[in-house]
Amino acid sequence: MKSSTSYRINIDDVGFCPEVVQSLEELSVYGVPLYASWMANFQWPSTGVTQVPNIFHGIHLNLMEGRSLTRGTHANADGFFFRPWLAFVFPSRKLKLDVEGEIEAQICTARERIQNLSHLDSHLHLHAIPWLYRLVLNYAKKFDIPWVRDPSQKLNDSVPTPKTLLLDFLRLSRPKAGSDFRCYGIHRTFRMSSSACLKKIEQEPREFIWHPLAKLPVILPEGMRFISKEQMLLRVQEHQQLRQLLQALSQSS
């Protein structure tokens, strides 16, 4: 098997519906290390997926979709997240304090299920914002969590988009986390391919961000604002592409 020191495979949005957990279980059979990023404000499974030895579990810190655990000013009267991404760029002191409480609540909720969390990242890469990035680094240190995702992506991966340009610009004012890995897949979300990832592994260390679904969800939870039916279909395709990638990695020497 190709050394996993040249890549990390991260599966995002784990837990927002059972079909993502099913995908994780099916993909774990190839023995390749998988990093599962759980949305702690959704339901955790009662299955043994948290005990699979080649799955490492972290938190997909979420201030954007679903129900808030603390119902601060980042949530509406019904307790659901409602603010846009850019609202966190210039937050009030009250919003900052509420965000701190929400992040700590999500980490503590996750630690009730898993003691040794492997990493922290954020839904929609919100921790690309410098003050949030510093906050996440501080919580990683506080809770002895060894990894924080670098939310930027190399601009020469493909034609830059407004999103990747913004993430790269924000990187200039963030502290360096000491990671040699850069994201691959931010602006290819739901359109990742096995062949493209294999090429990137040959070039330099990368973290691959996948959003697979084993099948179309039966029921979606309340408060989901950014996931369309088209994206659901593409996530099912990503599941098949990631299966091909894991097969290739498990067979390589």
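The values are calculated or read from the model by the stated rules, or taken from the named source; none is laboratory data. All figures in this text were calculated on a predicted structure; none of them were measured in a lab. Cβ sites come from the backbone with ideal geometry, for glycine too, and all protein chains shown count toward neighbours.
Summary of values
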quantity	calculated
Criterion: modelled with pLDDT under 85, small (Gly, Ala, Ser) and over 21 Å from LEU120 (Cα atoms) - qualifying residue of SER228, SER152, SER194	SER228
Residues (over 18 Å from the mean Cα position of the chain (by Cα) and assigned to a loop (DSSP other than H, G, I, E, B)) located in the range 154-171	SER158, VAL159, PRO160, THR161
Residue ID - farthest from LEU137 (Cα to Cα), chosen from residues in the range 158-195 that are among the polar types (S, T, N, Q) and surrounded by fewer than 19 Cβ atoms within 10 Å (Cβ to Cβ)	SER195
Count of residues meeting criterion [loosely packed, with under 15 Cβ neighbours inside 10 Å and either under 13 Å from LEU24 (Cα atoms) or aliphatic (A, V, I, L, M) (or both)] in the range 229-249	2
Single residue of the range 197-218 satisfying the filter (of a type in the set (A, V, I, L, M) and either part of a helix (DSSP H, G or I) or out of contact with any Cys (no Cβ under 9 Å at 6 or more places or on another chain) (or both)) that is modelled with the lowest pLDDT	ILE201
When residues of the range 107-121 are limited to those that are out of contact with any Lys or Arg (no Cβ under 8 Å at 6 or more places or on another chain), over 12 Å from VAL136 (Cα atoms) and not charged (D, E, K, R), the one surrounded by the fewest Cβ atoms within 10 Å (Cβ to Cβ)	GLN115
In the range 84-131, the residues that are of a type in the set (Lys, Arg) and within 19 Å of the chain's Cα centre (by Cα)	ARG111, ARG113
Among (1) under 17 Å from the mean Cα position of the chain (by Cα); (2) buried (at least 19 other Cβ atoms within 10 Å of the Cβ); (3) not basic (Lys, Arg), the one test that HIS74 misses	(1)
Selected residue [part of a helix (DSSP H, G or I) and in contact (Cβ under 8 Å) with a residue 24 or more places away in the chain] from ARG174, ARG243	ARG243
Matching residues in the range 178-196 - criterion: being in a loop (DSSP other than H, G, I, E, B), more than 18 Å from ARG149 (Cα to Cα) and among the small types (Gly, Ala, Ser)	SER193
Flag if LEU155 is surrounded by 16 or more Cβ atoms within 10 Å (Cβ to Cβ) and either aliphatic (A, V, I, L, M) or at positive phi (or both)	no
Any hit, the range 206-215, residues being over 21 Å from LEU245 (Cβ atoms) and in contact with a Leu (Cβ under 9 Å, 6 or more places away or on another chain)	no
Residue within the range 5-15 that is among the polar types (S, T, N, Q), in contact (Cβ under 8 Å) with a residue 24 or more places away in the chain and surrounded by 21 or more Cβ atoms within 10 Å (Cβ to Cβ) present	yes
So PRO91, is it loosely packed, with under 13 Cβ neighbours inside 10 Å and under 23 Å from VAL148 (Cα atoms)	no
